[in-house]
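Notes to accompany the following structure.
The values are calculated or read from the model by the stated rules, or taken from the named source; none is laboratory data. Values in this document were obtained by computation on a predicted structure and should not be read as measured data. Cβ atoms come from the backbone with ideal geometry, glycine included; neighbour counts cover every protein chain shown.
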């Protein structure tokens with residue numbers, strides 16, 4: 001859960017991040033109104049951000065009535081009576097342009113919890129909402145500077161769908177999600193192993209036992225969908241789950257025979273005869289069968305090389321057979 005975070009305009013350039021000397025580092029220390037104190041802090045290191053806790057070891061007043069604050073990592077910071085940083089013991093440049101630009105590094109001090117990230121202008125100001133970053137940024141994920149991509153919306157870690165580079169991705173607290181069902185706008189969506197919301201035909205499988213190599217065309221089971229069901233997410237750019245497959249559907253992941261079209265009933269590959277485009281075809285586990293004998297309803301039928309049930313007189317393997325001419329298609333006695 002994100003908490004409301006405060007941003008301080010006081011900034012300190014130091015070269016220690018959690019005891020490790022780094023060039024191009026910047027600490028942001030919280031001003032509580034009564035001087036700096038123990039708090040979570042955010043640091044910028046070479047364009048990525050990290051956070052942790054610095055403890056105040058002591059405060060003293062110098063001859064200029066400035067406060068000298070010593071932190072647990074060895075940093076010494078001097079601030080005036082208004083809380084403005086006037087020097088530090090590492091003598092790093094104070095010019096904010098050295099660390100920041102209006103289109104570049106962004107950071108904020110977090111009193112507690114996850115930091116809100118801001119873009120700073122050349123004066124170090126964060127009062128202009130135009131400088132709040134939105135989009136996909138590389139930010140730190142741990143105190144040693146390890147980084148990861150996060151989606152920010154007005155400086156906050158974002159939860160929901162965002163369109164990026166031609167696709168929709170789902171984020172939770174800024175983190176892109178993969179191989180998961182998500183719900184938005186009253187619809188169900190599946191984000192695949194590349195994080196993209198999927199379209200088209202997919203097979204449902206139990207991911208606890210499924211082969212990971214099939215994840216690019218399978219989705220996990222859900223409360224409403226069992227393994228072996230085939231579903232449709234459409235191809236019109238809406239990405240939401242439409243329905244279980246019904247009828248003759250292009251689904252080459254089931255079988256690429258006969259141009260990749262297969263027959264489904266309520267999401268299940270169908271076995272038996274089905275009427276389609278003026279004739280009957282025979283399917284086994286959704287796959288259209290072509291030339292061969294078929295048996296159904298106590299009768300015998302024959303389908304030709306195109307899968308059609310035949311009528312009339314046909315010679316099969318040198319023998320003449322009669323299948324009627326009244327649309328019933330079954331084999332008559334000779």
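Counting only residues that are without any contact (Cβ under 8 Å) to a residue 24 or more places away in the chain, in contact with a strand residue (DSSP E or B) (Cβ under 8 Å, 6 or more places away or on another chain) and over 20 Å from residue 254 (Cα atoms), which one in the stretch 181-224 is surrounded by the fewest Cβ atoms within 10 Å (Cβ to Cβ)?
Looking at residues that are without any contact (Cβ under 8 Å) to a residue 24 or more places away in the chain, in contact with a strand residue (DSSP E or B) (Cβ under 8 Å, 6 or more places away or on another chain) and over 20 Å from residue 254 (Cα atoms), I get 183.
I'd like to know if the stretch 152-159 contains one or more residues that are within 17 Å of residue 239 (Cβ to Cβ) and either under 10 Å from the mean Cα position of the chain (by Cα) or modelled with pLDDT under 95 (or both).
no
Conditions (1) crowded, with 16+ Cβ neighbours inside 10 Å; (2) under 30 Å from residue 231 (Cα atoms); (3) touching a strand residue (DSSP E or B) at 6+ places or on another chain (Cβ under 7 Å); (4) at pLDDT 95 or above, marked per residue:
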{"position": "128", "(1), (2), (3), (4)": "no, no, no, no"}
{"position": "132", "(1), (2), (3), (4)": "yes, no, yes, no"}
{"position": "135", "(1), (2), (3), (4)": "no, no, yes, no"}
{"position": "140", "(1), (2), (3), (4)": "yes, no, yes, no"}
{"position": "146", "(1), (2), (3), (4)": "no, no, yes, no"}
{"position": "170", "(1), (2), (3), (4)": "yes, yes, yes, yes"}
